[in-house]
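Trainee: Structure below; questions to follow.
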Amino acid sequence: MAEVAANGITFHLQRLRRQSSDRAPETDGPVVVFLHGLVIDNLSSLYYSLANPVAQVGADAILYDQRGHGLSERPPSGYRIEDSVADLGRLLESLEVAGPVHLVGHSYGASVALRAALAEPERFASLVLVEPHCAESHDGGDWVEDVADMLTAGALSLEHNPVASNLSASERRKFRGVHATDSFLNATSLIEDIASSPPFTDDELRGLQLPVLAIYGEYTDLASSARKLAACIPHCRLEVLPGLGHAVLRDARDVVLGMVESWLAGFSQVGGGEAGQ
Amino acid sequence: MSITPAVELDAIVDDITAILVEVIGDEFLLDVEVTMATTFSHDLELESIEFVAMAEKLQERYAGRVDFTAFLAGLEIDEILALSVGQLAGHVARSLQA
C-alpha cells in the first residue's frame with residue numbers, strides 16, 4: 001500500500017501508469033488526479049471505472065483516499081472543503097508533480113476539484129466534474145443541508161442499532177463497513193464541516209478560466225448545479241446523460257469513460273494545453 | 001527444470017490465497033476453500049478497496065512480471081466483479097511464461 005504524508009495526514013495513494021514491454025512504467029500523456037465522493041466512497045470506485053483505463057492509454061493516473069476515507073488517516077476534525085483542497089495541493093507537492101494536472105472528480109470529489117481550481121487555477125490544466133454540487137439550493141431545498149441531514153440520520157441509526165455479537169466470519173466482514181461508517185459519522189466533525197461549506201458564488205465561477213467538462217444525469221437532484229456551471233463558467237461544456245440520475249458513474253461507466261478519454265485526448269502536451277474537444 | 005501447468009497453477013492459487021490472508025485476514029478460510037472456481041466478489045465478498053490492495057501485493061509478489069492493471073483494463077466492470085481465482089491464476093501463469 002502506498003502511503004504518502006501530506007498536510008499532516010497519511011494518505012493511501014495509488015499511482016497507475018502503463019507498463020512498457022520491459023515492465024517499466026511509461027507515460028506519454030498527462031497527469032490526471034482522481035477525487036472520489038463522500039463517506040462510503042474511496043479510491044476504488046474510480047480505480048477500475050476511470051483511472052486504470054485512462055492510465056492504459058498513457059496518462060499518469062493518481063488516486064488517493066481523501067482524509068477519513070478508505071485507508072487514509074481519519075482525524076477527528078478538519079473535514080471542511082478547504083482542508084480537502086489543501087490536502088490535494090500538499091499531496092501534489094509531496095509527489096513532486098510538476099506542471100498543470102487534470103482533475104477528475106466524482107460527486108463531492110468534484111466539488112473539491114472545483115474549489116481547488118478556484119483557489120489555485122495555475123496548478124491545473126482542466127476539470128472533469130461528474131455530478132458536483134455547487135448551487136446554493138436545488139429543487140426541494142438546500143442540497144448540503146439535505147446531505148448533512150441524511151448523514152445525521154444515518155449516524156443516529158447506527159448509534160441506536162449496535163451490531164450484534166456472535167456473528168460468523170462472513171457476517172463480521174459485512175458489518176465491518178457499517179462499523180467504519182458509524183465511527184466516521186459519529187466520531188468526527190465531518191457532518192458539521194460539510195454543513196458549513198461555503199457556497200460557490202456566480203462571480204467566482206465566472207472568473208474560472210480553466211476548461212471544464214461537467215457531466216450530469218438527466219434526472220439528477222443537482223440539476224441547479226448543472227445549470228449554474230454551464231451559465232457561469234466561461235469554458236464549460238455540459239454533458240447531460242439521458243435517463244440517469246446522480247449515479248451516472250455506476251450506471252453509464254462506458255459513456256463517462258469515453259467522455260473522459262476524449263476530453264483528455266483533446267489536450268496537447270506541446271504548447272501547454274488547449275481546450276478539450 | 002520444467003513445471004507442468006497444473007502444478008504451476010496450484011502454486012499460484014496458493015500465492016493468491018496467501019495474499020488474500022494478508023489483505024482480509026484468515027477468518028474467511030473458515031467459510032471458504034479457495035479453488036480455481038472461487039470468485040473474489042461473490043464467494044470471498046472482497047470489497048473494491050481490498051481488491052486494489054490485493055492487486056498491489058500481486059504486483060509486488062511477482063516483481064513486475066505480471067501486469068495486473070493491464071489485465072483488468074481489458075475486462076468489463078461486470079467481468080471484474082465476477083472474476084475468479086482461476087482466471088487470475090491463469091493470467092499470472094501466462095505472464096510468467098512469456
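The values are calculated or read from the model by the stated rules, or taken from the named source; none is laboratory data. What you see is a predicted model, and the numbers here were worked out from it, not measured in a lab. Neighbour counts are summed over all protein chains in view; Cβ atoms, including those assigned to glycine, are modelled from backbone coordinates with ideal geometry. These area figures cover heavy atoms from the full protein model, side chains too; ligands, DNA and RNA do not enter into them. Shrake-Rupley method; radii C 1.70, N 1.55, O 1.52, S 1.80 Å.
Trainee: Just to verify a result, which residue in the range B:43-53, among those that are in a helix (DSSP H, G or I) and either open to solvent by 20 Å² or more (accessible area, probe 1.4 Å) or touching a Gly at 6+ places or on another chain (Cβ under 7 Å) (or both), is farthest from the other protein chains (Cβ to nearest Cβ)? Reasoning before the result, please.
Mentor: Kept after step one, since they are in a helix (DSSP H, G or I), are these residues of the range B:43-53: B:48-53.
Then drop every residue that is not either open to solvent by 20 Å² or more (accessible area, probe 1.4 Å) or touching a Gly at 6+ places or on another chain (Cβ under 7 Å) (or both), which leaves B:48-49, B:53.
Numbers: B:48: 3, B:49: 4, B:53: 6 Å.
If we take residues in the range B:43-53 being in a helix (DSSP H, G or I) and either open to solvent by 20 Å² or more (accessible area, probe 1.4 Å) or touching a Gly at 6+ places or on another chain (Cβ under 7 Å) (or both), then B:53 is farthest from the other protein chains (Cβ to nearest Cβ).
Trainee: Being at pLDDT below 90, buried (at least 18 other Cβ atoms within 10 Å of the Cβ), in contact with a Leu (Cβ under 9 Å, 6 or more places away or on another chain) and assigned to a loop (DSSP other than H, G, I, E, B), is that true of even one residue in the range B:82-93?
Mentor: no
Trainee: Take the residues of the range A:131-146 that are among the hydrophobic types (A, V, I, L, M, F, W, C) and modelled with pLDDT of 70 or more: which is surrounded by the fewest Cβ atoms within 10 Å (Cβ to Cβ)? Even if it seems obvious, please write down each step before you answer.
Mentor: Of the range A:131-146, the ones among the hydrophobic types (A, V, I, L, M, F, W, C) are A:134-135, A:143-144.
Pick out the ones that are also modelled with pLDDT of 70 or more and you get A:134-135.
Details: A:134: 23, A:135: 21.
Only one residue tops the list, namely A:135.
Trainee: Kindly indicate whether any position in the range A:207-222 is under 23 Å from residue A:68 (Cβ atoms) and either of a type outside the set (Ser, Thr, Tyr) or modelled with pLDDT of 85 or more (or both).
Mentor: Yes, the range A:207-222 contains a residue that is under 23 Å from residue A:68 (Cβ atoms) and either of a type outside the set (Ser, Thr, Tyr) or modelled with pLDDT of 85 or more (or both).
Trainee: I'd like the full set of residues that are among the small types (Gly, Ala, Ser) and either buried (at least 18 other Cβ atoms within 10 Å of the Cβ) or at pLDDT 85 or above (or both), limited to the range B:4-19. Quick ask: steps written out before the conclusion?
Mentor: So in the range B:4-19, the residues among the small types (Gly, Ala, Ser) come out as B:6, B:11, B:18.
Answer for the range B:4-19, where residues must be among the small types (Gly, Ala, Ser) and either buried (at least 18 other Cβ atoms within 10 Å of the Cβ) or at pLDDT 85 or above (or both): B:11, B:18.
Trainee: A further question follows. Among the numbered conditions (1) within 25 Å of residue A:190 (Cβ to Cβ); (2) at pLDDT 95 or above; (3) in contact with a strand residue (DSSP E or B) (Cβ under 7 Å, 6 or more places away or on another chain), tell me where residue A:102 comes up short.
Mentor: Unmet for residue A:102, out of (1) within 25 Å of residue A:190 (Cβ to Cβ); (2) at pLDDT 95 or above; (3) in contact with a strand residue (DSSP E or B) (Cβ under 7 Å, 6 or more places away or on another chain): (1).
Trainee: Checking the conditions here, which among B:28, B:68, B:40 is touching a Phe, Trp or Tyr at 6+ places or on another chain (Cβ under 8 Å) and at negative phi? Lay out the reasoning, then the answer.
Mentor: Values: B:28 fails: touching a Phe, Trp or Tyr at 6+ places or on another chain (Cβ under 8 Å); B:68 fails: touching a Phe, Trp or Tyr at 6+ places or on another chain (Cβ under 8 Å).
Of B:28, B:68, B:40, the one residue that is touching a Phe, Trp or Tyr at 6+ places or on another chain (Cβ under 8 Å) and at negative phi is B:40.
Trainee: Anything in the range A:215-265 that is open to solvent by less than 20 Å² (accessible area, probe 1.4 Å), aliphatic (A, V, I, L, M) and over 19 Å from residue A:30 (Cα atoms)? List them, or say none.
Mentor: A:215, A:222, A:226, A:229, A:233, A:241, A:248, A:249, A:252
Trainee: Looking at residue B:1, is it in contact with a strand residue (DSSP E or B) (Cβ under 9 Å, 6 or more places away or on another chain) and either modelled with pLDDT under 85 or of a type outside the set (Ser, Thr, Tyr) (or both)? Explain how you work it out, then say what you get.
Mentor: On the way: in contact with a strand residue (DSSP E or B) (Cβ under 9 Å, 6 or more places away or on another chain): no; either modelled with pLDDT under 85 or of a type outside the set (Ser, Thr, Tyr) (or both): yes.
No; evaluated as a whole, the condition is false for this residue.
Trainee: A follow-up question, please. From B:33, B:56, B:60, B:22, grab the single residue that is within 7 Å of chain A (Cβ to nearest Cβ) and surrounded by fewer than 20 Cβ atoms within 10 Å (Cβ to Cβ). Can you show your working first?
Mentor: On the way: B:33 fails: within 7 Å of chain A (Cβ to nearest Cβ); B:60 fails: within 7 Å of chain A (Cβ to nearest Cβ); B:22 fails: within 7 Å of chain A (Cβ to nearest Cβ).
Result: B:56 is the single residue among B:33, B:56, B:60, B:22 that is within 7 Å of chain A (Cβ to nearest Cβ) and surrounded by fewer than 20 Cβ atoms within 10 Å (Cβ to Cβ).
Trainee: Related question: Kindly provide the set of residues from the range A:18-37 that are buried (at least 19 other Cβ atoms within 10 Å of the Cβ) and either at pLDDT 85 or above or basic (Lys, Arg) (or both), ordered by number.
Mentor: A:18, A:30, A:31, A:32, A:33, A:34, A:35, A:36, A:37
Trainee: Follow-up question, since we're still on this one. From A:128, A:97, A:54, A:112, which residue is farther than 18 Å from residue A:197 by Cβ, more than 14 Å from every other protein chain (Cβ to nearest Cβ) and surrounded by 23 or more Cβ atoms within 10 Å (Cβ to Cβ)? Write out each step before concluding.
Mentor: Details: A:97 fails: surrounded by 23 or more Cβ atoms within 10 Å (Cβ to Cβ); A:54 fails: more than 14 Å from every other protein chain (Cβ to nearest Cβ); A:112 fails: farther than 18 Å from residue A:197 by Cβ.
The unique qualifying residue is A:128.
Trainee: Residue by residue through the range B:63-72, note down the ones that are part of a helix (DSSP H, G or I), of a type outside the set (Ser, Thr, Tyr) and surrounded by 18 or more Cβ atoms within 10 Å (Cβ to Cβ).
Mentor: Once the filter is applied, which keeps residues that are part of a helix (DSSP H, G or I), of a type outside the set (Ser, Thr, Tyr) and surrounded by 18 or more Cβ atoms within 10 Å (Cβ to Cβ), the range B:63-72 yields B:68, B:71, B:72.
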